[in-house]
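Read through the structure below, which is laid out as structure tokens, and then see the notes.
Bear in mind that the values in this text are calculations on the coordinates, not laboratory data. The shown structure was predicted, so the numbers you read here are calculated from the model rather than taken from an experiment. Cβ: placed from backbone, ideal geometry, glycine included. Neighbour counts: every protein chain shown.
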Amino acid sequence: MTPLQAMIAEKIISNSKEKFDIIYIADLTDKNKNYFLRLLNICNEGIFIEHPKNLIEFLKFKVKIIKIRNFKYKSVYAANIDRKIIQYLYSLNLKANIYTFDDGVGNIIPKSSFNIEEDISIGKKIFWRLLGVKVNSYFIKEHSKTHYTIFNNIKNIIDKVEYVQLVPNLYIKDNEEKDSIKIFLGQPMTEINDKYNNIFISNLLEKFQINLYFPHPREKDVKLNIDIIESPKVFEEYVIDLMRDSQCKVEIYSFLSTAIINISQINNIEVKYICDYYLMEKYKEFYKIAQDYFNIKVINFENELNEVG
């Protein structure tokens, strides 16, 4: 679970009359622990488990889960439905109603892994079946009663959706004398391509005269020549607090983060996606959605900083 998914889960739980337990599976970071504790405050019980990184850790996870949970729930809520660990947890309670919620960008990109039926060999299917994984992401999508989404009026991986308003309606009074700051919202871009390293990012920040950097939880070894924002909160909440406290104008840049979409309707915030030819080709469906549905500017910095049409 990511902090973004934790925020969605928090909204689902707060708006429901049901009682919830929480299993928070994530890397052991201060930010993840903070959001786990927030969820724990509105749940009956909860456990935090580090995400298994290999088969041995997966087997240890199975033993731990079986010892501490009976899994006789009438409803199960899940994100990351393409993950075997989530499929395994649902397999323990197949009689339960399943509800799903967003992972992020992949939910609204037609050709993402969430929209393509899993294609694995018979051998792998048997292997995972022996480990207790009885379902796949396609099965979960087909049986999901409702999908909770932060993307309003946009086709999702499941047709039956319920909109979750993550960011409250916030109006900041215009003031010509307000200070303006530029923030770059980071992402683990080297997972996409090794060229998006610290040197690449530094050159980009200098080109756009950006003076603050908000790192993604999965970014490792961020070394830049500007101030790095350290916050226990996710970006959406950080920005809302910033604007309430300082009443400043904010320009926000990012490559692909959905957080930009979440805050794009707040006045006095100017949001822009930045791409090069490689990213535009790889994620053109996402950038088109950002432009067409949210009126967000997309800038190709390899094309003399002209907006991509």
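Assuming charge only on the beta carbon of Lys and Arg (+1) and of Asp and Glu (-1), the dipole of the chain about its Cα centre is about 1860 debye to the nearest 20.
Remark: the V222-K19 segment gains 69.1 nm on full extension, using 0.36 nm per residue and subtracting the alpha carbon distance. Karplus-derived 3J(HN,Hα) values for the range 288-303, using 6.51 cos²θ - 1.76 cosθ + 1.60 with θ = phi - 60°, are 5, 4, 4, 6, 6, 9, 10, 6, 9, 5, 10, 10, 9, 6, 8, 10 Hz; glycine and proline are entered as x. Full extension of the chain between S75 and N152 yields a length gain of 25.3 nm, computed as 0.36 nm times the residue separation minus the alpha carbon distance. Once backbone amide H atoms are built at 1.01 Å from N, I22 has E45, G46, I47 as its partners under 5 Å, excluding neighbours fewer than 5 places away on the same chain.
A simple rule links phi to the HN-Hα coupling: the Karplus curve 6.51 cos²θ - 1.76 cosθ + 1.60 with θ = phi - 60°, which for the range 19-26 gives 9, 10, 10, 10, 10, 9, 9, 6 Hz, with x for Gly and Pro.
Once the Cα-Cα distance is subtracted from the 0.36 nm per residue extended length, the H51 to E251 segment shows a gain of 68.6 nm. With N counted as the residues of the range 1-46, its alpha-carbon radius of gyration over 2.2 N^0.38 Å works out to 1.05. Summing Cβ point charges (Lys, Arg +1; Asp, Glu -1) relative to the Cα centre of the range 3-163 gives a dipole of roughly 580 debye. Between I183 and E251, I252, Y253, the built amide H atoms are under 5 Å apart, and every one of these is 5 or more places off in sequence or on another chain. Percent relative contact order of the chain, based on C-alpha pairs within less than 8 angstrom and at least six residues apart? Here the relative contact order equals 13 percent.
Just to verify a number: FRET efficiency for Y163 and D292, C-beta to C-beta distance, R0 = 25 Å, to 0.05?
Numbers: r = 18 Å, r/R0 = 0.73.
Once the sixth-power term is evaluated, E becomes 0.85.
Between the amide H of I98 and those of V76, K145, distances stay under 5 Å, these residues lying 5 or more places away or on another chain, with hydrogens modeled in the peptide plane. Applying the Karplus relation 6.51 cos²θ - 1.76 cosθ + 1.60 with θ = phi - 60° to the range 188-200 yields 3J(HN,Hα) values of x, 5, 5, 6, 8, 7, 4, 5, 8, 9, 4, 5, 4 Hz, where x marks Gly and Pro. Once Rg and the Kirkwood radius are both taken over the C-alpha atoms of the chain, their ratio Rg/Rh works out to 0.97. The overall shape of the range 175-250, judged from the alpha-carbon gyration tensor, is oblate: a/c is not under 1.5, and a/b is no greater than b/c. Sorted on the mean count of surrounding Cβ atoms within 10 Å across their residues, most packed first, peptides 141-147, 82-88, 204-210, 193-199 read 82-88, 141-147, 204-210, 193-199.
Here is the tail figure for the range 180-307: Cα pairs spaced more than 27 Å apart come to 13 percent of all pairs. Here each label is just a point 7 Å from Cα along the line to Cβ, and for Q209 and Y277 those points are 2.9 nm apart.
With the helix formula -39500 (n - 2.57) applied to DSSP H stretches of n ≥ 4, the chain reaches a computed 222 nm mean residue ellipticity of -10000 deg cm²/dmol.
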